[in-house]
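What follows draws every value from the coordinates through simple rules; no lab data is involved. The shown structure was predicted, so the numbers you read here are calculated from the model rather than taken from an experiment. Cβ placement follows ideal geometry from the backbone for every residue including glycine, while neighbour counts extend to all protein chains displayed.
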Amino acid sequence: MNSTRSCATLALALLLFFSLPPAGAQAPANPSAADSAAIQQVIANFDESFTRHDARAIAKTAI
């Protein structure tokens with residue numbers, strides 16, 4: 001009987017937990033054109049450094 005009550009309590013707790021909306025959800029950010037250009041430049045620098053097998057330049061792109 002105790003096991004049945006524990007299972008029912010667990011089921012109720014899980015039902016309540018998963019039925020609630022996420023409290024910390026945020027709207028997606030709209031990056032500016034300057035932000036997008038900066039991100040694309042970092043990716044291009046990483047790609048160029050990786051292609052040249054330049055470990056120091058790759059490490060600088062991670063900063």
Worksheet item: Using alpha carbons only, how many degrees (0 to 90, rounded to 10) separate the axis of helix 2-19 from the longest principal axis of the chain?
Response: 40 degrees
Worksheet item: Taking springs between alpha-carbon atoms closer than 10 angstrom, which of SER36, SER19, SER49 fluctuates most in the Gaussian network model of the chain?
Response: SER19
Discussion item. If I stretch the segment between ASP54 and ALA38 completely, what's the gain in nm (0.36 nm per residue apart, minus their alpha carbon distance), one decimal?
Written reply: 3.7 nm
Item to complete: Give the Debye-formula value of log10 I(q)/I(0) at each listed q (0.15, 0.22, 0.27, 0.28 Å⁻¹), with one equal scatterer per alpha carbon of the chain, two decimals each.
Response: -0.66, -0.92, -1.03, -1.06
Discussion item. With +1 on the Cβ of every Lys and Arg and -1 on the Cβ of every Asp and Glu, and nothing else charged, how large is the dipole of the chain about its Cα centre, in debye rounded to the nearest 20?
Written reply: 280 debye
